[in-house]
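Encoded as structure tokens, the structure appears first; notes follow it.
The values are calculated or read from the model by the stated rules, or taken from the named source; none is laboratory data. All of these numbers come straight from a predicted model, not from anything done at the bench. Note that each Cβ is placed from the backbone with ideal geometry, even for glycine, and that neighbours are counted across all protein chains shown.
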Amino acid sequence: MKFGIDIGHNCPHDTGASGIQQEDKLTKEVGEIVIKNLQKAGHTVINCTPKFANALSDSLRQRTEKANTEKVDFYASIHFNASNGIANGTEVYALTKKGSEVANRVLEQLVALGFRNRGVKILNFFVLTNTNMPAILIECCFCDSPIDMAKYNAVAIANAITKGLTDKSGDSKPQTLVVKQPTFLKPSTEQVQNLPAGSCISLAPGNYPILNSYFEENHYLVEWIDSSKANRREHFIFAGHCQIK
Ligand SMILES: [Zn+2]
């Protein structure tokens, strides 16, 4: 596979957050190991980090242009968060179904290192909206959090990201959607444009076989075995009303 790896910031006019550690230093340490790991595993890697930019916007534009010109199969942007010194944990951003699937895998690997699970989230980051291929933005953990920085280990984080990016074991394994209370299957934002208003489907408690599921901010996007429900295979369901097994 051809990966586009974007080492967050590290480019004059585009510097990362300052915390207990500098974001620039951490993304570079982790990103360079991820690149080596992927190459060792036989993948082609395009380093999308520019060397110089006239402005932050130019830095971001160069990153996505590189990925688009090189036609990479998948794009991953590596970052570290910063907030108020109290917030901690890992979160991964994605806008597409494929992106979300990989984001879940990367998140799972990072959480296994002991970081708090802040979930897979949707936000229109420039690098996600301007790349032509599935893309994720990883906020590994918080560079201003004593809790996170005590756990920081560049090799462990890079190995976790590599595993999440390359592991296909979670693909298309049949799963069970366990509905705990009466709820609704909702259409996705793209689907809703072609549907009459209120096209939610009632769903009774029970076990339903599904092909796949992706967690997206309080909801699961679940892929049904067939399109027997409202002629569509994919539905959103409130995560608080169900479990995936
Ligand atoms: Zn950043």
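Of everything in the stretch 211-223 that's more than 18 Å from PRO182 (Cβ to Cβ) and assigned to a strand (DSSP E or B), which residue is modelled with the highest pLDDT?
Looking at residues that are more than 18 Å from PRO182 (Cβ to Cβ) and assigned to a strand (DSSP E or B), I get LEU221.
Got a number for residues in the stretch 2-56 being in a helix (DSSP H, G or I), more than 12 Å from the ligand (Cβ to nearest atom) and over 22 Å from the mean Cα position of the chain (by Cα)?
Total meeting the criteria: 1.
Is it the case that the stretch 132-143 has a residue that's more than 16 Å from the ligand (Cβ to nearest atom), touching a residue at least 12 places away in the same chain (Cβ under 8 Å) and over 26 Å from CYS11 (Cβ atoms)?
no
Considering only the stretch 63-80, how many residues are within 16 Å of the ligand (Cβ to nearest atom) and over 14 Å from the mean Cα position of the chain (by Cα)?
Residues that pass the stated criteria total 2.
Would you confirm, using the coordinates I've provided, whether LEU60 is in a helix (DSSP H, G or I), within 14 Å of the ligand (Cβ to nearest atom) and over 20 Å from ASP144 (Cβ atoms)? I'd like the intermediate steps shown before the answer.
On the way: in a helix (DSSP H, G or I): yes; within 14 Å of the ligand (Cβ to nearest atom): yes; over 20 Å from ASP144 (Cβ atoms): yes.
Against the criterion (in a helix (DSSP H, G or I), within 14 Å of the ligand (Cβ to nearest atom) and over 20 Å from ASP144 (Cβ atoms)), LEU60 qualifies.
Tell me which residues, restricted to the stretch 43-84, are among the charged types (D, E, K, R) and touching a Cys at 6+ places or on another chain (Cβ under 6 Å).
Residues satisfying the conditions are ARG63, LYS66.
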